[in-house]
4 protein chains.
Amino acid sequence: MPVRLERSGYGKSGIRIVKVARDGDRHDIKDLTVAIQFGGEFLRVHTEGDNSTVLPTDTMKNTVYAIARRYSWDQAEEFAVILADHFFADNPHVGTIRIDIEEHRWDRLTIGGKPHRTAFSRAGREIRTAHVFRSADGQRTVEGGVADLVIIKTAQSGFEGYMRDRYTTLRETRDRLFATSMTARWRYSGKGLDYGVSWEAVRKLLLEAFAEHESRSVQHTLYAMAESVIENVADVDEITLTLPNRHHLLVDLKPFGLENDNEIFVVTEEPFGLIEATVRRAE
Amino acid sequence: MPVRLERSGYGKSGIRIVKVARDGDRHDIKDLTVAIQFGGEFLRVHTEGDNSTVLPTDTMKNTVYAIARRYSWDQAEEFAVILADHFFADNPHVGTIRIDIEEHRWDRLTIGGKPHRTAFSRAGREIRTAHVFRSADGQRTVEGGVADLVIIKTAQSGFEGYMRDRYTTLRETRDRLFATSMTARWRYSGKGLDYGVSWEAVRKLLLEAFAEHESRSVQHTLYAMAESVIENVADVDEITLTLPNRHHLLVDLKPFGLENDNEIFVVTEEPFGLIEATVRRAE
Amino acid sequence: MPVRLERSGYGKSGIRIVKVARDGDRHDIKDLTVAIQFGGEFLRVHTEGDNSTVLPTDTMKNTVYAIARRYSWDQAEEFAVILADHFFADNPHVGTIRIDIEEHRWDRLTIGGKPHRTAFSRAGREIRTAHVFRSADGQRTVEGGVADLVIIKTAQSGFEGYMRDRYTTLRETRDRLFATSMTARWRYSGKGLDYGVSWEAVRKLLLEAFAEHESRSVQHTLYAMAESVIENVADVDEITLTLPNRHHLLVDLKPFGLENDNEIFVVTEEPFGLIEATVRRAE
Amino acid sequence: MPVRLERSGYGKSGIRIVKVARDGDRHDIKDLTVAIQFGGEFLRVHTEGDNSTVLPTDTMKNTVYAIARRYSWDQAEEFAVILADHFFADNPHVGTIRIDIEEHRWDRLTIGGKPHRTAFSRAGREIRTAHVFRSADGQRTVEGGVADLVIIKTAQSGFEGYMRDRYTTLRETRDRLFATSMTARWRYSGKGLDYGVSWEAVRKLLLEAFAEHESRSVQHTLYAMAESVIENVADVDEITLTLPNRHHLLVDLKPFGLENDNEIFVVTEEPFGLIEATVRRAE
């Protein structure tokens, strides 16, 4: 037969779980969406319909709920490690296991000037992410991340001196709005970390670099943000940033006899620039 | 001809505008999506294709940008009033004008412990809304609102004593999670209000009532929230709340030999309960 | 207490149901999303937390599944009538009941040149809708509709002779693209109709009028579409059309030394014109 | 400095273009969304803010419109090849160029029993995709694909004989619904192909295999679909299929005294199984 199975995988995505931790009458919430993906050959599954090596994805879902209850864990990265270890112990025939978690964060409501014990509001659009990868050859990586963190800077951003060709009409500017919906993902090199503390530290460094940078381009600022993380967080050895450029175009008000001195902008969803880079700690 | 034009309207939706206010080197952002809708008969427009009474929706869009620059305004409700007045002055043949604004709020980033002058992050999923309605008979209403404010309470919520029929399988509970994505819209009766202050006051009252209420049902808490606004904000005379019930179902862990004492929940998007009510100041 | 409950309602939305009808080895699919909404005062429910008159929305969901199995029905309108009648029989204290159904249609796959007995693909983006409203005073309306039917005409469309003011920059045109995502909803006056046949007839008339009309504006074509339905379908006495104008803007290629004779367009999602009208059979 | 730029890229996404081809009074539509991504090192861009090697993404957008007009092309794959060649000719310092196109297909409306010359409706939810990749070392690949093609089979599908562990509760079945939203992507090995003909051939083979297969699992059917393409289309040498399992769960009607013999199902969006594989022509 002239056909070869090159790569295959299967799993369960979109497993929604909320865990309420109760410390007396003070509650805490973990709100996660979990995805599990097994990789491997699974040749007879595909060619013969032989399911004897297939753990049903319905079982994966059940496992998430049972493991969440059975084990003690606090951070999404820890939960992902426990899940990956559990699945590998019972499925040694699997080549790789990937656990991807999206955490939807909640802020405690402030009522009467004090944090409320049991009421919360969703904290922003941003999603905290955690990723664990294990393979049969012993490799294990733990990554943290953030997705859809929407930020803007209204000063210290320009774009000049770029290449021009016959189709270039863009005007140079020393003062533009720079808005993006940041997705970042970084790899932890250390062990036994407090992932909550590390995550907050990385997020803070990214925002500081974004706010303070004298930006000559999205690429320029992206690099400064990534560099700041690598230089300041010893336990992170690689970070990938994806920065869509959410263009804010200055509206031409001249036809109406009005100046527009960087005051009125139209926001466009499409098209959008898309800038990505991976920065790594040098050996 | 046996056909009658019963009602008609037209306008422009999805007009995206960002205004950057500059106070020295300290900036502020207003980020709005504006919709304009004219109502009236427009009979010959429809039947004859006579466009002589049609202000193009493209002109409406231009007007939003020009008016934003030409006039001084701070709150979205004020901007909507200016727009409605402008359009009515030039289009007296129109029966009604509705301006609906969604405001996407930004929080100032905290950098080095201090609020940054020119960098911001999007504040949550919630949208602040403003609505102005004017009609040829002189009526004018100004409404404020909030949409998609996602909140949860993990205590003080039950659902018991309801009707049962042959298709009822739900179990009574004195302790459930109560989560919703609140949409609220309220009518201002006063004039010359500080809409920013009023909006914050209403939002605060809604969240307080939500957090503190001993809830016997979504309806019960909805009413307490609405009542608190009417009783405490003299300038609001009517409020409508829409509370989808984002069900958090307790996962049955017995098949796995585990207790689940209100700890592990699965969140479902569909189906969802939908509870609505309008509460008004009595004469 | 100075507060009055003005209006209230509750129900269940997003009830997903697929029914497979089997005629020997030939199958048919009905794929519906059902929403149920009860209206009324429900005063003590809101003010006292007295649930004794509240049929749980969970029961509404169960009822949809049980009724779908227990009764014989073919069209979504029939199913909605059965549901409304069932709920009214058991809940005479309710003021109004509204059933809204979205039908996701499937096309039978053609395999080897013949329609397959048991395999289907989703038919387009468009949704067929059905709406039944019943009130305690005996009123009952049945409506059909279509949502999100995306259509375009590349000829026979212009926009000229419109109002101008100081903010008008739009150019008149006799030849533009006219694209929309049509939502229509019509009321049936007859009884004992074959709703499937009527729905197809209305949809066909709407598309014919859209394709053939010499359009002077969206309003002009909207009216022609509505008029055609009222004039040709005796069992429909009112129709509401909502036509967002999905603007296709001619790209200016002059900076690159190129003509653009109505050939290359950019599609924009925002902002968009929004045109609505209700047309009724005259007495 | 201990930091290294590992990988970087930039480009423009979401470039919307509609081309109307006019053959007398008969029109045709191409409706595309184009994304362009340059890969390479761009070291000084990131570290120094030196933009002298950066072609603005705004220029990329302009280029799409100008090239669409200047060159003759019919299929999206051809357009992508022209774009990639154009950009490489002018930007030899770039390492890789990727062009990804989504095509939104339109069906000609049938009016009065005949295909209309100038009116169309959007054809389904499915998206046709085209992908061209070029690198500085001379590599060039052309891929076609389809995304979001929603299909269901109501017979010839079971799932039995799978692994079980302590968390398995799923019941075996010989008769289930099998629904998916197929994404496929295949690589063309030939040159000078008629991509329109090839695309239709692959799509037809995928649907035939899906409809006719005696499915023991999603994996089993996925492989049969991929195998059919490789065996029957000489110009395709690799295909990747991604099949989310859109679970249709049999509703338990026993509490209401009703049988449910594979007739009434509830559709769930979350969680969902996710099955992927790449199948390649063996050497």
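The values are calculated or read from the model by the stated rules, or taken from the named source; none is laboratory data. As the structure is a computational prediction, the values presented were derived from the model and not from experiment. Here the Cβ positions follow ideal geometry from the backbone for every residue, glycine too, while neighbour counts run over all protein chains shown. Surface areas here come from the heavy atoms of the whole protein model, side chains and all, with no ligands, DNA or RNA. Shrake-Rupley method; radii C 1.70, N 1.55, O 1.52, S 1.80 Å.
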query = If you roll a 1.4 Å probe over region C:33-143 with all protein chains in place, what percent of the accessible area is carbon or sulfur?
reply = 44
task = Tell me the distances, shortest first, between D:Tyr71 and the same position across the other copies, using label points 7 Å along Cα→Cβ, in nm to one decimal.
result = 5.0, 5.2, 6.0
remark   = Sorted by chain and then number, the residues having a modelled amide H within less than 5 Å of the amide H of A:Val3, at least 5 places away or on another chain, are D:Ala282
ask   = Using a Gaussian network for chain A with springs between C-alpha atoms less than 10 Å apart, which of these wobbles most: A:Arg187, A:Arg174, A:Arg134?
value = A:Arg174
query = region C:38-157: Rg/Rh from Cα coordinates, Kirkwood Rh?
reply = 1.12
ask   = Share of antiparallel DSSP beta bridges in the protein assembly as shown, in percent to the nearest 5?
value = 100
task = Note every residue of region A:147-163 with a reduction of at least 40 square angstrom in accessible area, all protein chains present versus the isolated chain, computed with a 1.4 Å probe, or write none.
result = A:Val150, A:Ile152, A:Thr154, A:Met163
ask   = What residue in chain A has the Cβ closest to the axis turning A into C, and how close is it in whole Å?
value = A:Glu269, 3
remark   = Sorted by chain and number, the residues with a modelled amide H under 5 Å from that of B:Ile111, at a separation of 5 or more or across chains, are B:His116
task = Considering only A:Gly145, A:Gly95, A:Gly49, give the residue with the highest GNM mean-square fluctuation for chain A, with springs between Cα atoms whenever their separation is below 10 Å.
result = A:Gly49
query = Given the Cα-Cα distance of A:Asp137 and A:Asp90 and 0.36 nm per residue of separation, how much length would full extension add, in nm?
reply = 15.3 nm
message = If you count only protein heavy atoms and use a 1.4 Å probe, how large is the accessible surface of B:Glu200, to the nearest 10 Å²?
response = 90
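Per DSSP helix of 4 or more residues, -39500 (n - 2.57); summed, then divided by the residues of chain A. What does that give at 222 nm, rounded to the nearest 500?
On the way: 5 runs with 68 residues, N = 283.
Taking each H run of at least 4 residues, the total per residue is -7500 deg cm²/dmol.
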key: Heavy-atom accessible surface that D and A bury in contact, both chains counted, 1.4 Å, Å² to 100   = 6800
note = Ordered by number, the residues of region D:93-135 that have at least 20 Å² less accessible area in the complete protein assembly than on their own chain alone (1.4 Å probe) are D:Trp106, D:Leu109, D:Ile111, D:His116, D:Thr118, D:Ala119, D:Phe120, D:Ser121, D:Arg122, D:Gly124, D:Arg125
inquiry  = Only Cα pairs within less than 10 Å get springs; with that Gaussian network setup on chain D, which residue of D:Arg246, D:Arg128, D:Arg166 has the largest fluctuation?
reply    = D:Arg166
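Find out how many positive minus negative residues lie around B:Val3, taking Lys and Arg as positive, Asp and Glu as negative, among other residues whose Cβ is under 9 Å from that of B:Val3.
Details: positive: B:Arg4, C:Arg280, C:Arg281; negative: C:Glu227, C:Glu231.
It works out to a net charge of +1.
Write down the accessible area per residue of chain B in Å², having rolled a 1.4 Å probe over the full set of protein chains. Intermediate values should be presented prior to the final figure.
Working: 11020 Å² over 283 residues.
Per-residue accessible area for chain B comes out at 39 Å².
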query = How many nanometers, to one decimal and shortest first, lie between the label point of C:Asp137 and those of its other copies, if labels sit 7 Å from Cα toward Cβ?
reply = 1.9, 7.7, 7.9
key: Label distances, nm, B:Leu249 versus same residue in remaining copies, Cβ-directed 7 Å point   = 0.4, 4.7, 4.7
Centre separation in Å (Cα based) which lies between region D:255-276 and region B:1-35 = 43
note = Given 4 °C, 1.567 mPa s and a Kirkwood radius over Cα pairs, the Stokes-Einstein diffusion coefficient of the protein assembly as shown in µm²/s is 40
ask   = FRET efficiency for B:Glu172 and C:Arg44, Cβ-Cβ distance as r, R0 = 25 Å, nearest 0.05?
value = 0.85
task = Return the carbon/sulfur percentage of the accessible area of region D:158-239, one whole number, probe 1.4 Å, all protein chains in place.
result = 43
ask   = Using alpha carbon centroids, what distance separates region C:40-108 and region B:135-171, in Å?
value = 18
key: For region A:64-81, Karplus couplings with θ = phi - 60° (6.51, -1.76, 1.60), whole Hz, Gly/Pro x   = 4, 5, 5, 5, 4, 7, 6, 9, 9, 7, 10, 9, 4, 4, 5, 4, 5, 5
ask   = Taking amide hydrogens as modeled 1.01 Å from N in the peptide plane, which residues meet the under 5 Å criterion relative to D:Gly124, leaving out close sequence neighbours?
value = C:Gly124, C:Arg125
key: Residues in region B:248-268 occluded by at least 40 Å² - accessible area, probe radius 1.4 Å, against chain by itself   = B:Phe256, B:Leu258, B:Glu263, B:Ile264, B:Phe265, B:Val267
